Amino acid sequence: MDRTPAFYRELLGVAGLMDASSAIPAIYRVEDALADGRASAWMLRRLREHPPTAAMIRERYLRAEPVPLDRLRTLDEGTLGRAIARHVEDNGLVAEYYEAVEVRDDLTYVLARVRECHDVWHAVLGFAPTFVGETGQKAFEMAQLNRPIAGVVVATAILRYAVGNPDQQAALVAAVAEGHAMGLRAGPLLAERWEDAWDEPLASVRERLNIPIEGARHSGWDDPTGIHPAAVVGGAGRGGARPRRSDPSAGTIEAKADQA
C-alpha cells in the first residue's frame, strides 16, 4: 500500500509530469494543499498593500463570460485582444482550460482571477506556451504575487532540467531570471481590468505597465520541446509542435541572432 501523503504524491507529480497533460491537475492539487499555509497568507498580505489590487480583491471582479475569441480575432493587428486570440488559436490552446474556483474569500478570488487571466498574461508578457515559457511566467508570478505554487513550479522545473535536460538548463534559468526581474519592475497585472482593454494596442499596454515593448526576450519560443502538452486541447493537438508567437513583430534573442 502506498503510504506517501497525498500532498507529496502530487508534488512528485508536479516534478515528474510537468511535460505531460496530467501536470495541471497535479499543480492545482498542490495549490489547494498550500491554501492554509503561511505562504498563501503572505501572498494576500502583500497584495492588499497595493491599493488598486486591494480594490479588485474587495470587489471580487471577474469576467462575466469566457474570453470572446470570435470578437477578438476580428480586432486590428497589434491590439491586445488580437494578440490573445492569436496566442490561443494559433497554438491550439484551450482558453478555458483551468479548473473553476468557487470564490469564498480573498484567497479563492485571487486564484480564480489569476487562473482566468493566464493566457492574457502570456500575450502581455510574451512568454511562450512551452515548458521554458511557462516556467518564466511562473517566475513573474513569484515576483508579482508571491504565489506559492509559482515557486513550487519554478523550483521543480530547475531541478528537472538540472537532472534530465542539462542542455536546456541555461535557457530555462534565463527565462526564470528575466521573468522574476520583469515581475519586480512591472505594474501589478492583477489590478488590470483586461476586459476593458481588448482594443488597446499591445505596445501601449506594455508601456503602461513597464513591460518591454518587445515582451520577454528569454521567452521560450525557441524551446525545442515545443508547445507544453498540458496546454492544448485534450492534452494532444499541437502538443510538442513549434509554438507561434502572438506578437509576430517581436523576436527572441535566439531569433535575432539568427537574423544578424
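Only loop residues by DSSP count here, and only those with at most 11 other Cβ atoms within 10 Å; note down the trypsin sites (Lys or Arg not before Pro) in segment 37-115 that meet that.
Qualifying residues, ordered by number: R104.
Report, by chain and number, residues whose modeled amide H sits under 5 Å from the one on T130, excluding near sequence neighbours (fewer than 5 apart, same chain).
Counting only residues 5 or more places away or on other chains, the set is H228.
I'd like the Karplus ³J(HN,Hα) series for segment 36-46: coefficients 6.51, -1.76, 1.60, θ = phi - 60°, whole numbers in Hz, and an x wherever there's a Gly or Pro.
So the Karplus estimates, Gly and Pro as x, are 9, x, 5, 5, 5, 5, 5, 4, 5, 4, 5 Hz.
Want the number for D70 to V94: 0.36 nm per residue separation, take away the alpha-carbon distance, what's left?
Length gained between D70 and V94: 7.3 nm.
At 7 Å along the Cα-to-beta-carbon direction for both R46 and R63, put a label point, then send me their distance in nm to one decimal.
Placing both labels 7 Å along Cα→Cβ, they lie 2.6 nm apart.
Using θ = phi - 60° and the Karplus curve 6.51 cos²θ - 1.76 cosθ + 1.60, what whole-Hz ³J(HN,Hα) does each residue of segment 109-124 get, with Gly and Pro shown as x?
5, 4, 5, 5, 5, 5, 5, 6, 9, 4, 6, 4, 5, 4, 5, 6
Non-local amide H neighbours of T79 (under 5 Å, H modeled in plane, Pro and chain starts lacking H): which ones?
Under 5 Å from the amide H of T79 lie the amide H atoms of L202, each far enough along the sequence or on another chain.
Would you kindly derive the ³J(HN,Hα) couplings of segment 151-162 from the backbone phi angles with the Karplus curve 6.51 cos²θ - 1.76 cosθ + 1.60 (θ = phi - 60°), listing them in order in whole Hz, with x for Gly and Pro?
x, 5, 5, 4, 5, 5, 5, 4, 4, 4, 6, 4
Distance in nm between label sites at I213 and A55, each 7 Å beyond Cα in the beta-carbon direction?
Distance between the two pseudo-spin positions: 2.9 nm.
Compute the Rg to Rh ratio over segment 37-80 from the alpha carbon atoms, using the Kirkwood formula for Rh, and round to two decimal places.
Ratio value, two decimals: 1.21.
At a 10 Å Cβ-Cβ cut-off, how would you order H50, H218, H180, fewest neighbours first?
With the fewest neighbours first, H50, H218, H180 line up as H50, H180, H218.
Where a number appears in this text, it was derived from the coordinates with a stated rule and is not lab data. As the structure is a prediction and not an experimental result, all values here were calculated from the model. Counting neighbours? That spans all protein chains shown, and the Cβs are built from the backbone with ideal geometry, glycine included.
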